1. So, of the residues in the range A:135-149 that are among the aliphatic types (A, V, I, L, M) and facing another protein chain (nearest Cβ under 8 Å), which turns out to be farthest from B:Ala56 (Cα to Cα)?
2. Filter the range A:118-134 down to the residues that are within 21 Å of A:Ala36 (Cα to Cα) and surrounded by 15 or more Cβ atoms within 10 Å (Cβ to Cβ), then identify the one that is farthest from the other protein chains (Cβ to nearest Cβ).
3. Which condition number in (1) facing another protein chain (nearest Cβ under 7 Å); (2) over 46 Å from the mean Cα position of the chain (by Cα) is the one that B:Pro66 fails?
4. Output the helices (runs of 4 or more DSSP H) that fall wholly within the range A:1-69 and possess 2 or more residues being within 20 Å of B:Pro58 (Cβ to Cβ), in contact (Cβ under 8 Å) with a residue 12 or more places away in the chain and away from chain B (no Cβ under 12 Å), or say none.
5. Starting from the range A:135-151, take each residue that is buried (at least 24 other Cβ atoms within 10 Å of the Cβ) and list its partners that are in a loop (DSSP other than H, G, I, E, B) and β-branched (Val, Ile, Thr), counting only C-beta distances under 9 angstrom and pairs at least six apart or across chains.
6. Please find, among B:Ala23, B:Ala52, B:Ala56, the residue that is surrounded by 16 or more Cβ atoms within 10 Å (Cβ to Cβ), assigned to a loop (DSSP other than H, G, I, E, B), within 46 Å of the chain's Cα centre (by Cα) and without any contact (Cβ under 8 Å) to a residue 24 or more places away in the chain.
7. Collect the residues in the range B:59-79 that are within 28 Å of A:Leu179 (Cβ to Cβ) and either of a type in the set (D, E, K, R) or not in a helix (DSSP H, G or I) (or both), keeping them in residue-number order.
8. For residues in the range B:6-20 being of a type in the set (A, V, I, L, M) and facing another protein chain (nearest Cβ under 7 Å), which is farthest from the chain's Cα centre (by Cα)?
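The values are calculated or read from the model by the stated rules, or taken from the named source; none is laboratory data. Every value quoted in this text rests on a predicted model; they were computed, and no experiment measured them. Reconstructed Cβ throughout: ideal geometry from the backbone, glycine too, with neighbour counts over all protein chains shown.
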Amino acid sequence: MDRRDDRELLQAIARQDADALVALFDRYNRLAFGLAYRILGDAFVAEEVVQDAFMSIWRNAASYNLSRGTVRTWLLSIVRNRAIDQLRGRFGRSQSDIDLDTVAPILAAPDLWDDVLTEIQAVDVRAALKGLPEEQRVAIELAYFEGLTHAEIAERLGIPLGTAKSRLRLGLQKLHDLLVMTQVRSESGASDGT
Amino acid sequence: MPATVPDQDHAHYRELLGAYALAALPAEERTALERHLATCPTCRLELRSLLAAARALPLSVDERIPSPSLRERIRSAALEERERAAHAAEPESPPSTSRIAVLHERRSLVPWLAAAVLLLFSVAMLVWNLQLRQEIESIALKPAAAPQAHGKVIYLREWNIVLITVEDLPPLQPGQVYQVWLIEGNQPVSAGVFTQPDGRFAVAADIADYSAIAITIEQGPLGSPAPTSEPIVMAELPRQSGTS
């Protein structure tokens, strides 16, 4: 197991250290593959997407900056975007890349909360998703895991466009609040325990 | 698709933030929203939270083990790409057989060096011209068999170019050439031939591998496989490393 943290690995990857890339792979391959598989439902294509994403990191590690979030966030957003492109038959320049990768620099400051998020566990995210009203969770999952636009979500669910927009926004707000609560609870729980 | 909306419609844009954070906005609306975000701190602040939540979503999936070969596939793809990039970055290599380029008469040193580089290397090498002065080592060619002959060897260490200036070499008989030798131990290697008794020449060679350079008179037009006469001039080459 490589002792370097993610950012150190990324710096080494920027210097074209292939062992560092493999170390990053060892750390996140199950998550990355799980995500690609969840979106695509096809192991073969999902592996292609994962390889593609790691190669993208290999090429672009030097251009990584903190506004993209943690290294894990960056990797997973590449996997997600590539998988959606595959799913929707989009080739060439990724449409989704434009979104999730360029959204962040618009934000004035690095997202401090995202650092807290590095500690968050899968089980907490699943619990938070379960805590959402069903219709909000469904709308969010259609957007994230199927790559539907708000209009397509409205059509799929047979709801007005305005309603689809609200479900996405309110759902994410609620999810954010639930996750923050989880973090606060686990932090206070940890200090109680010692 | 929704109609265009006035820029100042903050409420409208605010409603789009969730879709934006989830990459669920069509391009037109996305561009319009980004313009709004640039001027609206309230929306930027909200977007931060929404984006943080969106970034947590991939953690909700079940982890899954890819096939064992994926790891090595990625490693070899990375190494292959690195290799390719390294080759692309390399300057065009000099001809594999050493050869001499004759440089026409010029008084000043720098244009002469530039001409040598131009002759032997691709245009890309010229970018480095500015650095030339720092890379030069100049060694006197000492007269050997021909007492009046003299010259100079200039070694461009970084680029494996040897520049040779000679003056007053003994005249050639018809059919003869001057031949340049790079010598390591007792093994002279031909670096090429020329015919002018005064002139400047560039030799593409890694002289770090050699301890001496010498010029002899040989039968033309191609010279000899090994020297057949005493050197007319020669010079010891500086050692880069290792034994002398």
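1. The initial filter retains those residues of the range A:135-149 that are among the aliphatic types (A, V, I, L, M), namely A:138-140, A:142-143, A:148.
Adding the requirement that they be facing another protein chain (nearest Cβ under 8 Å) leaves A:140, A:143, A:148.
Numbers: A:Ile140: 12, A:Ala143: 14, A:Leu148: 18 Å.
Filtering first and then ranking leaves A:Leu148.
2. A:Asp124
3. Condition (2) is where B:Pro66 drops out.
4. Passing ranges, in order: A:6-14.
5. What qualifies is A:Ala139/A:Ile159; A:Ala143/A:Thr149.
6. B:Ala23
7. B:Val61, B:Asp62, B:Glu63, B:Arg64, B:Ile65, B:Pro66
8. Going through the qualifying residues, I end up with B:Leu16.
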